[in-house]
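Each value in this text was obtained by applying a stated rule to the coordinates, not by laboratory testing. These numbers were taken from a predicted model, which means no experiment stands behind them. With ideal geometry, Cβ positions are generated from the backbone for all residues, glycine too; neighbour counts draw on all protein chains shown.
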Amino acid sequence: MTGPLVVLSAVGSTDDAERIARSLVETGLAACVNLVPGVVSFYRWKGKLERDAEVLLLVKTTGERFEDLKTALVAQHPYELPEVLAVPISAGHEPYLEWLAASGRE
């Protein structure tokens, strides 16, 4: 996988979201992580319908960093089955995409 990505993951608390975001940016695995509070998730887990308040992490990275980012995210994530979804960025503001690609190599 190559090129810029947005990785999605949700956690149950702002503290967990901030801890993970800080770690991913500090280690250079992510250029930027946005935290979106107030997400309400409905899902089926172990045969039961669940409803939880969550914080969504929008992680900007590159395909080249994805496997290391995924490993770090799963290791730090408090859930038994963490959500880690990579969405390719097909287009964007070129200077921003260049910064994203260069971030982490600084």
Seminar exercise, completed: Once residue 98 and residue 6 are pulled to full extension, the length gained, defined as 0.36 nm per residue separation minus their Cα-Cα distance, is 31.7 nm
For this session: Arrange 77, 93 by Cβ neighbour counts within 10 Å, fewest through most, would you?
Result: 93, 77
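Going by how many other beta carbons lie within 10 Å of each one, how would you line up 58, 5, 49, fewest first? Numbers along the way, then the final one.
Values: 58 16, 5 23, 49 8.
Least crowded to most crowded, the residues run 49, 58, 5.
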Exercise. Out of these labelled values of P(r) over Cα pairs in 5 Å bins from 0, in percent, (1) 2, 9, 7, 8, 8, 10, 13, 10, 8, 6, 5, 4, 3, 3, 2, 1, 0; (2) 2, 13, 23, 24, 17, 12, 6, 2, 1, 0; (3) 2, 11, 15, 12, 12, 14, 12, 8, 5, 3, 3, 2, 1, 0, which was calculated from the coordinates shown here?
Worked result: (2)
Seminar exercise, completed: Residues 46, 60, 70 in order from fewest to most other beta-carbon atoms within 10 Å are 46, 70, 60
